[in-house]
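Below is one structure; the comments refer to it alone.
The values are calculated or read from the model by the stated rules, or taken from the named source; none is laboratory data. Model, not experiment: these values are computed from the prediction. Backbone-built Cβ (ideal geometry, glycine too); neighbour counts: all protein chains shown.
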Amino acid sequence: MNFILERFIGENIEVQYDKPPTFEKTPGCPDRFFWDGLPYTIIEMLSQWHDFSRSGSMAHNMRPSSMKKARRRGSYGVGRFYFRVRTKNDRFFEIYYDRAVKSVDDRKGEWVLLRELSSSLAE
């Protein structure tokens, strides 16, 4: 199935799991998310991927051997886990979990609703 961008959203969301992930900083696809005051039940995860690349000053603060490992597995506070999902009302979204530490008091990271997609009939 091919997708086209319906609209960019880029807003924080709250997610829920029926069974919480074993590791908070490496979550799987949630079962539902809440956006704009409404619940969206995820009925299908269409794809998933991650990005552990480092940017800015963080891109230059590791030895090359450590950097190679970090690109594969991630490192503390670096990386995003992306999910393309279909919801119960047959809408398509891309969401991600950003592992970045926001402050000393907020180390959990955050979930973001990146964009809404439309399915294209052309394969």
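Is it the case that some residue within region 17-31 is surrounded by 17 or more Cβ atoms within 10 Å (Cβ to Cβ) and either modelled with pLDDT of 95 or more or among the acidic types (D, E) (or both)? Yes: one or more hits. Taking the criterion of being more than 15 Å from V112 (Cα to Cα), in a loop (DSSP other than H, G, I, E, B) and of a type in the set (A, V, I, L, M, F, W, C), the residues of region 14-55 that qualify are F23, F52.
Could you check how many residues of region 1-20 are within 14 Å of the chain's Cα centre (by Cα) and touching a residue at least 24 places away in the same chain (Cβ under 8 Å)?
Adding up the residues that qualify gives 7.
Given the options V78, V104, V85, V112, name the one that is out of contact with any Cys (no Cβ under 7 Å at 6 or more places or on another chain) and at pLDDT 95 or above.
V112
Taken across region 57-75, residues that are at pLDDT 95 or above and surrounded by 13 or more Cβ atoms within 10 Å (Cβ to Cβ) do not occur at all.
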